[in-house]
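Engineer: Pasting a structure below so you can have a look.
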Amino acid sequence: MTIQYDSQTRRFVLQMERSTYALGLNQQGALVHLWWGGAVPRSEDLPDPAGGAMQEYHAWGEYFFDEPALKLTFADGTRDTRLRYVDHAIEGDELRVRLHDSHYPVAVTLVYRVHADCDIVDRHCVIANEGDTPVTVESVQSAGWYLPRGRAYRLTSQAGRWGREYQPQQWPIGQGKVVLETRRGVSGPDQTPFFWIDADGAADEERGSVWFGALHWSGNWRIAVEKNRDDQVRVTGGINDFDTILTLQPGASFTTPVFSGGYTEGGFGAASRLLHDYQRRHVMRPGRADRLLPLIYNSWGTFQFNIDEQRMMKLAELAAGIGVELFVIDDGWFGKRINDTCSLGDWQPSPDRFPNGLKPLIDKVNSLGMDFGIWLEPEMVSPDSDLYRAHPDWVFHFPNRTGSQYRHQLTLNLAREDVKEFAYQTMHDLLAKHNIRYFKLDNNRYVSEAGWPDAAPAEQRAVWVKYIENFYDIFARLTREFPDVIFENCASGGGRVDFAMQRYFDRMNRSDNQDPFDELALHEGFTWANLAKMAGGGCHISQGMRHINGRLTSRRFQAHVGMLGSLAIGENLFECTPEQLAELRGYAELYKAIRPVTHRGDVYRLESARNGRRAVFQYVSKDRREAVLFVLGHSMQFRDVLPNIRLRGLDPERVYEVEGASPMSGQGLMTLGLPVKLTGDFDSKVIRLRS
Ligand code: DGJ
């Protein structure tokens, strides 16, 4: 049984394959935390909850001074919450524990969903106002995670900015508090809503105790990692309470986002693979995990806004010729948009550049055997647009303030029902009227001046939350109505990559930075928490991206790096010689041959681009019969001899055919390793192993 309650000892025990989570009731009837970590199969060994003091859901009140999970103000001005156990229900893998304030009519239900196969627990809570006066919610966090007390811990998180997402940062957890958060309205890229904590700073890719967590929220979030005066480390996270106030009217309730937590003794690599399995089995829509992503051509890498029907038709012919499966037109197909100064909101094909609408191009693309995809940025409006002229009040704004523009655009206030319906209808109509099989969502600015003056005063500061709830509602509807469409999550590259987005989106634009050397570190960081196959971009293979930092790399290196995730080509095919087109066709074939392993298998980050002269990634199919090894040199020196690459995750008993080498057993490959010769800078090899 995954979840057990012992009425004698008043303990709840959540058993997973390799870890245990436990909580219980103390003498005062408060729910207290007991254990999160390695497996404790004999529940009698766990601490006795009777005298426990660490409240599982730590509301602000009584003699408590740490970061709270809940902060309420009642109608009479009382700002003190005291939660006591009422009852609980266990249904399959789910535990619900109902708590209630000791005086005021507020109920808090803590929900635990146990994914024993992944050693992950999903937590969230529902707070309900059962009284007849409003309750002000100043902070309502999803969960607090306690680590075993008294050990030395190290926090690892990800920081970044546009073009430089998922960069690691680490520090020892001392007394005090580290707050990871965003206030930009989208979940990244400055921080990602994710943490790793290891004991004694001793974990690496292959070994060590790691506690990890990820928040399923795409707007303002906050994760506070705190060590109090008693050496207790607690991680409290959820919706950012900065500038957010929720008012719970009589009878109303609020459900927080999910905060997932997991534990492994297999180091950071194992933590990632657990998270990947968790995404496949418990987060993504049914049937999506094993779906292979198509080889994409995207117009942005070379043509930017410079696209029109005739040009795209000719380009599509060349793209089909090299084996592209999905042809995507990016920004620039609508209104009078020939640059970024106008037309967001006017989602009609440009009368000059697509005078016959989208149909002729889509038909052409389909006749060439490819699917068609399109770009849209539905949360935005250009001041120079018919939409803005008709509805200036639809954007976030404060009275007597001029809205700050970024990239000449303003953010539509999706919290408004009329705006939400407009955004939904725009996308729905496009998808309903055309044979569009791929939808690239973009979002190129942050939310500023988040005012909503038309709303009732008590609702105005709920705007950050309402926006995201409506955003999810739109994509829940669209994904239901158009189940075959592939949705790409792009927000200026990887600006909004989080677990909630994975419910609806099949592919993430990992970054706008498609310099292949930079991508090595980006991919490493991306795969910490996200499935490798989701790692997309618009144009992995494209000389057009050289402007990013001027680095010269071969098509071959670009292609090999692109194949680590979901490959896209953005090359100017008009300028390619027949030999170059044939070369691209070769990469297309290789990508299609290896993607059953790279998209569906396990990933091992064998060597980091940050440390040595090469980056090495290995993918292994779930049945361990096949593997693909990527060896990507980047700082090679003349006659460099680098150590053999010791593979991982293979079946030790099997003998593998190794491309370009003699057959070797899994044991041999994992112990002796494979010598791989690279000649010079940016040389790379993709080696297939089969048994
Ligand atoms: C930012 C995205 O990240 C790019 O891939 C591209 O779609 C541009 N926006 C288009 O404006």
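This table checks each residue for (1) buried (at least 18 other Cβ atoms within 10 Å of the Cβ); (2) away from the ligand (no atom under 16 Å from the Cβ).
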{"position": "Y263", "(1), (2)": "yes, yes"}
{"position": "D277", "(1), (2)": "yes, yes"}
{"position": "A289", "(1), (2)": "yes, yes"}
{"position": "L318", "(1), (2)": "yes, yes"}
{"position": "G321", "(1), (2)": "no, yes"}
{"position": "F327", "(1), (2)": "yes, no"}
{"position": "G332", "(1), (2)": "yes, no"}
{"position": "R337", "(1), (2)": "yes, no"}
{"position": "T341", "(1), (2)": "no, no"}
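To keep it simple, each residue is scored yes or no on (1) within 21 Å of T156 (Cβ to Cβ); (2) assigned by TED's automatic domain parsing to the domain that holds V620; (3) more than 11 Å from the ligand (Cβ to nearest atom); (4) open to solvent by 10 Å² or more (accessible area, probe 1.4 Å).
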residue: D473; (1), (2), (3), (4): no, no, yes, yes
residue: R477; (1), (2), (3), (4): no, no, yes, yes
residue: E481; (1), (2), (3), (4): no, no, yes, yes
residue: N489; (1), (2), (3), (4): no, no, no, no
residue: R507; (1), (2), (3), (4): no, no, yes, no
residue: P516; (1), (2), (3), (4): no, no, yes, no
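Engineer: When the residues of segment 299-312 are filtered to those that are closer than 18 Å to P349 by Cβ and open to solvent by less than 20 Å² (accessible area, probe 1.4 Å), which remaining residue is farthest from the ligand (Cβ to nearest atom)? Working first, answer last.
Structural biologist: The initial filter retains those residues of segment 299-312 that are closer than 18 Å to P349 by Cβ, namely 299-300, 303-312.
Now drop any that are not open to solvent by less than 20 Å² (accessible area, probe 1.4 Å), which leaves 299, 303, 307, 309, 312.
Details: S299: 9, F303: 11, I307: 11, E309: 19, M312: 15 Å.
Once the filter is applied, the top-ranked residue is E309.
Engineer: Taking A615 and the conditions (1) modelled with pLDDT of 95 or more; (2) in contact with an Asp or Glu (Cβ under 8 Å, 6 or more places away or on another chain); (3) part of a loop (DSSP other than H, G, I, E, B), which numbered condition does it fall short on, given that it satisfies the others?
Structural biologist: The one condition A615 does not meet is (3).
Engineer: Right, here's the next one. Out of S511, S542, report the one residue that is at pLDDT 95 or above, within 13 Å of the ligand (Cβ to nearest atom) and of a type in the set (S, T, Y). Spell out how you get there, then give the answer.
Structural biologist: Details: S542 fails: at pLDDT 95 or above.
Just one listed residue meets the conditions, S511.
Engineer: Working carefully through the options E653, E579, find the one that is free of Cβ contacts under 8 Å to residues at least 24 places away in the same chain, in a helix (DSSP H, G or I) and not β-branched (V, I, T). Spell out the reasoning first.
Structural biologist: Values: E653 fails: in a helix (DSSP H, G or I).
Only one candidate qualifies: E579.
Engineer: If only one of Y446, Y388 is open to solvent by 20 Å² or more (accessible area, probe 1.4 Å) and farther than 24 Å from F487 by Cα, which one is it?
Structural biologist: Values: Y446 fails: farther than 24 Å from F487 by Cα.
Criteria check complete, one pass: Y388.
Engineer: Considering every residue within segment 432-444, establish whether at least one is under 25 Å from G373 (Cα atoms), assigned to a helix (DSSP H, G or I) and modelled with pLDDT of 95 or more.
Structural biologist: Narrowing segment 432-444 to residues under 25 Å from G373 (Cα atoms): 432-444.
In the following step, the residues that additionally are assigned to a helix (DSSP H, G or I) were identified as 432-433.
Retained after the next criterion (residues that are modelled with pLDDT of 95 or more): 432-433.
Looking for residues that are under 25 Å from G373 (Cα atoms), assigned to a helix (DSSP H, G or I) and modelled with pLDDT of 95 or more, one finds at least one in segment 432-444, hence yes.
Engineer: Right, another one. Return only the number of the condition from (1) open to solvent by less than 10 Å² (accessible area, probe 1.4 Å); (2) away from the ligand (no atom under 16 Å from the Cβ); (3) assigned to a helix (DSSP H, G or I) that F499 does not satisfy.
Structural biologist: All conditions pass for F499, except number (3).
Engineer: Among strands (runs of 3 or more DSSP E) lying entirely in segment 185-266, which contain 3 or more residues that are touching a residue at least 60 places away in the same chain (Cβ under 8 Å) and more than 14 Å from the chain's Cα centre (by Cα)?
Structural biologist: On the way: elements: 194-199, 210-215, 221-227, 233-239, 246-248, 253-255, 259-264.
Qualifying strands (runs of 3 or more DSSP E): 210-215, 221-227, 233-239, 246-248, 253-255, 259-264.
Engineer: Six or more apart or on different chains, Cβ under 6 Å: which pairs go from a residue in segment 380-397 that's over 23 Å from V186 (Cβ atoms) to one that's open to solvent by less than 60 Å² (accessible area, probe 1.4 Å) and assigned to a loop (DSSP other than H, G, I, E, B)? Could you list them?
Structural biologist: These pairs meet every condition: D384/C342; D386/D346.
Engineer: How many residues are open to solvent by less than 10 Å² (accessible area, probe 1.4 Å) and over 17 Å from N298 (Cα atoms) when one looks only at segment 531-559?
Structural biologist: Within segment 531-559, residues that are open to solvent by less than 10 Å² (accessible area, probe 1.4 Å) and over 17 Å from N298 (Cα atoms) number 4.
Engineer: Quick check on my filter: what residues within segment 83-126 are touching a residue at least 24 places away in the same chain (Cβ under 8 Å), part of a strand (DSSP E or B) and among the aliphatic types (A, V, I, L, M)?
Structural biologist: L83, I90, L95, V97, L99, V106, V108, L110, V114, I120, V121, V126 - these are the residues of segment 83-126 that are touching a residue at least 24 places away in the same chain (Cβ under 8 Å), part of a strand (DSSP E or B) and among the aliphatic types (A, V, I, L, M).
Engineer: What residue, of N435, N413, is within 29 Å of R510 (Cα to Cα), touching a helix residue (DSSP H, G or I) at 6+ places or on another chain (Cβ under 7 Å), in contact (Cβ under 8 Å) with a residue 40 or more places away in the chain and open to solvent by 60 Å² or more (accessible area, probe 1.4 Å)? Show your work before the answer.
Structural biologist: Working: N413 fails: open to solvent by 60 Å² or more (accessible area, probe 1.4 Å).
Only one candidate qualifies: N435.
The values are calculated or read from the model by the stated rules, or taken from the named source; none is laboratory data. Quantities reported herein were computed from a predicted structural model and do not represent experimental measurements. We place every Cβ from the backbone using ideal geometry, glycine too, and count neighbours over all the protein chains shown. These area figures cover heavy atoms from the full protein model, side chains too; ligands, DNA and RNA do not enter into them. Shrake-Rupley method; radii C 1.70, N 1.55, O 1.52, S 1.80 Å.
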